[in-house]
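Every number in this text was worked out from the coordinates using simple rules, so none of it is lab data. Just so you know, these numbers come straight off a predicted model, no measurement behind them. Note that we place each Cβ from the backbone using ideal geometry, even for glycine, and neighbour counts take in every protein chain shown.
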Amino acid sequence: MHLEELQRLLAGGEDSQHQFKREITHPDSLAAELVALSNSGGGQIFVGVEDDGRISGLSPQQVRAFNQLLSNTASNNVRPPIHPSTQNIVTEQGVVIVVTVAAGLNQPYMDAQGRVWVKNGADKRHVTSREEMQRMFLNAGLIQADTLPVPGTSVADMDWAAFDAYYRKRFNQPCPEAEHTASLTSLGLLKNQQLTLAGVLLFGLQPQRWLPVCMVKAVAFYGNSIGDTQYQDSEDIDGTLSAQFQRSFAFIKRNLHHVQNGRGFNTLGELEVPPIALEELLVNALMHRDYFDSASIRILVFRDRIEIISPGHLPGNLSTEDIQHGKTKRRNPILSEHAAHLLPYRGLGSGIHRARQAWPQIELQDHRSGNEFRAVVARPKPTTQVIAPAGIGAEGTRPPATPEVTDPVTDLVADPVVRLLRVLVDGALPPSEIQHRLGLKHRPTFRANYLHPALAAGWVEMTLPDKPTSRLQRYRLTEAGQALVPPQQGHNP
């Protein structure tokens, strides 16, 4: 560092990475500063500088005394010891010592009294919260949430059929009943006669009875804002991790479009975002979330993007660039070990890379202040020809197709409505049969995305319009709907 750079940094004032000290003579004060920087990403201490950035300088005697103090404090008053580097810069006012502290690899660091300090803006603070301390130990790899026993659980809460099927598949032999307890313990699923968090989430009969926040909350919106007052689909997804993965994947798929991509009219089409990209991001959220955090995984489907949000920022010093290049650090080692046999997961750090290869329009956001990791998947803008519901004329004629959708309602319902029309080519059907032929299990989704838009567009009508709730109610194509999907093109999905 040259004098010009020093003056530039001092002119910028103090912040979380740059601390100004006129002089430090007490080891406890210096230890607190070193610990706070080590626990907060590293930084620099400028000794011989006033609080306002003016250089006061140190004498040769003060320089020697401080260097001795720094050496002793870093070795004896910081646990574990750290190794800061120093540089002396000569100025007209005297010497300024620049102490550089790297981001610690063995966090959390403590002072001689066992106190943990972190930076709080330009100042520092003493960590007293149990949750924050717990998270620091978690990020340092000193404890793993999935290895801890869940109070109140026992082997009676195991789904033995699921565990036996897993054991047989993995080890090519059944697990002897007499060895159940020993096998669970050796696999990290049982500890002190209680199921571990991994045991509950992988093979528990009712995981959310013990871990109510370990679930997925999924919402699909009509627009692009989480503040919208209406949504088209919503589901609280519980169960084991395998069940959560399958249901979460199904939720996303049923709220995305299918595109033709050059295929024939009577084909279902391909999902607008490659399934492998969604699979990798979902597994990543389930495997690497912070299970000490009292928040659930969230899936938000908007018109222009999909957001998969998992509690817990990237562990240690990992960055979003690191994980895109295959670097990994297991936050939940027991879950990761077993997930390789239960989910499309390998634990090699290659999942994010595969997801971005399949769909480059993925933005990874690591929010350390909010303790969450967010994967934002851009949805493609519609470029295929679609039919605008508002464009049907009085005689039921089809309007000219346009190369780009400008009506947001059209964008949202075009593909589901086309599928519905193809089903009704065969004649009038009850709603339950239509839903079955479409392969839909969620009735609100069927009504909101398929039936109601088709009715509003005038392409489908009730056979008993005066009795909308009758058990004999059927739905059929109108003349306008028949003009859109002629019988010779009809085909059940």
Long-range HN-HN contacts of residue 20 with modeled amide H, under 5 Å: 46
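Highest first, please rank the peptides 184-197, 436-449 by the mean number of other Cβ atoms sitting within 10 Å of their residues. Mind showing how you got there, number by number?
Working: 184-197: 19.4, 436-449: 16.7.
Highest mean packing first, the order is 184-197, 436-449.
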Debye intensity ratio I(q)/I(0), log10, the chain, q values 0.07, 0.13 Å⁻¹ (C-alpha model): -0.57, -1.17
Give the span of segment 296-364's Cα atoms along each principal axis, as three whole-Å numbers ordered largest to smallest. 36, 25, 23
Label points 7 Å out from Cα along the Cβ direction at residue 148 and residue 363: separation in nm? 3.4 nm
List the residues whose amide H sits under 5 Å from the amide H of residue 196, counting only those 5 or more places along or on another chain, with H placed 1.01 Å from N in the peptide plane. 150, 190, 191
Per 0.36 nm of contour for each residue apart, how much would the distance between residue 250 and residue 346 grow if the chain were fully extended, relative to their Cα-Cα spacing? 32.4 nm
Please compute the length gained on full extension between residue 243 and residue 68, using 0.36 nm multiplied by the number of residues separating them and subtracting their Cα-Cα distance. 57.0 nm
Once Lys and Arg are counted +1 and Asp and Glu -1 for all other residues with Cβ under 12 Å from that of residue 308, the total becomes 0
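Net charge near residue 323, counting Lys/Arg +1 and Asp/Glu -1 over other residues with Cβ under 14 Å of its Cβ? Mind dumping the intermediate values first?
Details: positive: 327, 329, 330, 331, 354, 356, 374; negative: 280, 321, 322, 363, 366.
Once positives and negatives cancel, what remains is +2.
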Give the Rg/Rh ratio for segment 216-378, taking Rg as the radius of gyration of the Cα atoms and Rh as the Kirkwood radius, to two decimals. 0.96
When Lys and Arg each count +1 and Asp and Glu each count -1, what net charge do the other residues less than 15 Å away from residue 173, Cβ to Cβ, add up to? 0
Long-range amide H partners of residue 110 with built H, under 5 Å: 79
May I ask you to sort 222, 450, 291 by Cβ crowding, counting other Cβ atoms within 10 Å and putting the fewest first? 222, 291, 450
Could you give me the percent of Cα pairs per 10 Å distance bin for segment 3-128, shortest bin first, beginning at zero and ending with the bin that holds the maximum distance? 14, 48, 31, 6, 0
What is the distance in Å between the Cα centres of segment 309-377 and segment 41-102? 38 Å
